[in-house]
Amino acid sequence: MKFSTLRIILAAGIVMGAFPACNTEGGQVHLKGKLQNMPGRTVTMSYDGASSILGNSRDITLHLDAEGCFDTVISLNKPAYYNISRNTVYLTPGDELTMKITQRNKDAEFVGKGAEANNYLKERLFPHAGSFLGGGVNMKNSFESTRRMIDSMALARRTQLTSLENVSEEFKRLENARISADVLNSYNYYPIYANIHAKNKNIPELAIRRHQVDSFYLAISEDMKSLAEELNDESVLDVAVARSVLDNLLSNPQMQSWAEGIAFVPEVQELVMAAQWADKLNEYLDAESISLATAYANNMKDREMAQELLSKIQQSSRLLNGPAIDFSLTDVEGNSCRLSDFKGKVLYIDLWATWCGPCVKESPYFESLAKEYEGKDIVFLTISTDNSKKTWKKYLESNPKKLPQYHSTDPALKEGWAIKYIPRFILINKDFNIADAYAPRPSEDSIREKLEYLLK
């Protein structure tokens, strides 16, 4: 989940030109540098504060020159987290920051005012890898030894944070909350990685069976409660892993023992509920869901957050019906085209990426369905959303496909089609209107009924 009360406006953008004298007081940040190995000449700097779970209205587009360089000024009224590819950056009003960023976060380089905080963030953990578990790499052969490893890594991280000299106390407070959330997240994911580790290392006694998970969480609940209490603060929602953990604490019955007795502040509870509505709109759309989400947003106490959710609802509403949102594509030979070039036929679109296991699993079904409907008035479009075209092409070399292959990182995918999760399948009718923005997967029997209806 993602969720702040911050307004961000792109004030000016200059591509590799002389930077004019400017006053950095009163909320300006000067950013310049080079973004390497990015998929295009425009890169989204995604807002990663509290309200990001509800919508993307605070995202900023960076315009790169042919060498990947940019030079821009943004308006910022308080510190905020952003993401550029896999890199998290922390910006404070008055920062004068030069950066060199690739798609690998640890390769990033920062100099200038604000550099120390961002060099620290290069080593942050990824929540979806089980935080300190590192995708299972750091698993030990018992829970006790794994726990000691987690505690040791957390202590080292806190020591490193304490040693920083040119960062604010607020930054240290938020990053301490991140460490606590990473510890909690490690324990949340432990049963999953324990089972994987048990299988890979042939240690059957390490496995935690489904019926044992509840007792596992209960056994460590007291030790974890103090960490959970640290996150009972609206401001820590600006930290991505804290949002994820709080969502689990409030909505996952298996983790609620960790939060037993904690009176979560109303702002946290409200935002968690708002995030659940936003997540629902990212997975499925119907008029009833739109109506219910709107009613919830209209009754939220935090009106700025409510407005972000309403903006998300408006974005989703456009996907219920109406004209399809156009975007650019590139084939494996580097030829460019647009989605609208296929107008006049039914379009069944597969949005995927090489790293997405469920996407890869659906691919044979998609190709089989395309063969089944061969010769009919329908185009099956498989479109990679990989950040790296090189990675995509290399994958296709070892995994050849029968269908024409396309690639796109057009911002319209995220901004217009609200692509947040993949695999994502879309149906467009012959008039280039949206038939189903969240179409069934090719492995689902219901897709044939929809295709037959559109082909009438």
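For segment 349-394, a residue qualifies if it is in a strand (DSSP E or B) and within 13 Å of Phe425 (Cβ to Cβ), and the qualifying residues are Ile349, Asp350, Leu351, Trp352, Phe380, Leu381, Thr382, Ile383.
Among the residues that make up segment 146-160, is at least one of them within 27 Å of Lys78 (Cβ to Cβ) and surrounded by fewer than 17 Cβ atoms within 10 Å (Cβ to Cβ)? The answer is yes, given that some residue of segment 146-160 is within 27 Å of Lys78 (Cβ to Cβ) and surrounded by fewer than 17 Cβ atoms within 10 Å (Cβ to Cβ). Going through segment 126-155 one residue at a time, which ones are outside any helix (DSSP H, G or I) and either over 15 Å from Glu175 (Cα atoms) or touching a strand residue (DSSP E or B) at 6+ places or on another chain (Cβ under 9 Å) (or both)? Result: Gly130, Val137, Asn138, Met139, Lys140, Asn141, Ser142. Being under 30 Å from Asp95 (Cα atoms) and surrounded by 21 or more Cβ atoms within 10 Å (Cβ to Cβ), is that true of even one residue in segment 131-138? Yes - at least one qualifying residue is present in segment 131-138.
Among the numbered conditions (1) surrounded by fewer than 20 Cβ atoms within 10 Å (Cβ to Cβ); (2) modelled with pLDDT of 95 or more; (3) within 24 Å of the chain's Cα centre (by Cα); (4) not aliphatic (A, V, I, L, M), the only one that Gly68 does not meet is (2). Quick check on Gln212: is it closer than 30 Å to Thr92 by Cα, out of contact with any Asp or Glu (no Cβ under 6 Å at 6 or more places or on another chain) and exposed (fewer than 14 other Cβ atoms within 10 Å of the Cβ)? When the stated conditions are applied, Gln212 does not pass them. Scanning segment 114-125 for residues that are assigned to a loop (DSSP other than H, G, I, E, B) and buried (at least 16 other Cβ atoms within 10 Å of the Cβ) yields Gly114, Lys122, Arg124, Leu125.
Only a single item in (1) modelled with pLDDT under 90; (2) of a type in the set (A, V, I, L, M, F, W, C); (3) surrounded by fewer than 16 Cβ atoms within 10 Å (Cβ to Cβ) is not met by Val111, and it is number (1). On the stretch given as segment 347-372, residues that are closer than 22 Å to Glu283 by Cα and either surrounded by 15 or more Cβ atoms within 10 Å (Cβ to Cβ) or not assigned by TED's automatic domain parsing to the domain that holds Ala412 (or both) total 15.
Asn188 falls short on exactly one of the conditions (1) farther than 27 Å from Ala50 by Cα; (2) part of a helix (DSSP H, G or I), and that condition is (1).
Selection of segment 409-433 for residues being over 17 Å from the mean Cα position of the chain (by Cα) and either surrounded by fewer than 20 Cβ atoms within 10 Å (Cβ to Cβ) or assigned to a loop (DSSP other than H, G, I, E, B) (or both) yields Asn429, Lys430, Asp431, Phe432, Asn433. For Leu231, the stated conditions hold: it is modelled with pLDDT of 85 or more and either out of contact with any Pro (no Cβ under 8 Å at 6 or more places or on another chain) or closer than 20 Å to Pro127 by Cβ (or both).
Only a single item in (1) at pLDDT 95 or above; (2) under 28 Å from the mean Cα position of the chain (by Cα); (3) closer than 15 Å to Arg441 by Cα is not met by Ser340, and it is number (3). Before we move on, is Val183 of a type in the set (A, V, I, L, M, F, W, C), part of a helix (DSSP H, G or I) and surrounded by 15 or more Cβ atoms within 10 Å (Cβ to Cβ)? In short, yes. Can you confirm whether Met149 is over 23 Å from Asp238 (Cα atoms) and in contact with a helix residue (DSSP H, G or I) (Cβ under 6 Å, 6 or more places away or on another chain)? No; evaluated as a whole, the condition is false for this residue. Among the residues of segment 373-408, those that are among the acidic types (Asp, Glu) and either at positive phi or surrounded by fewer than 16 Cβ atoms within 10 Å (Cβ to Cβ) (or both) comprise Glu374, Asp377, Glu397. Segment 246-337 holds helices (runs of 4 or more DSSP H) entirely within its bounds, and those carrying 2 or more residues that are surrounded by 17 or more Cβ atoms within 10 Å (Cβ to Cβ) and at pLDDT 85 or above map to 266-281, 287-298, 303-317. Quick check on segment 439-456: of everything there that is out of contact with any Leu (no Cβ under 6 Å at 6 or more places or on another chain) and assigned to a loop (DSSP other than H, G, I, E, B), which residue is farthest from Leu285 (Cα to Cα)? Result: Lys456.
The values are calculated or read from the model by the stated rules, or taken from the named source; none is laboratory data. Bear in mind the structure is a predicted one, so any value in this text is a computation, not a measurement. Every residue, glycine as well, gets a Cβ built from its backbone with ideal geometry; the counts of neighbours run over all protein chains shown.
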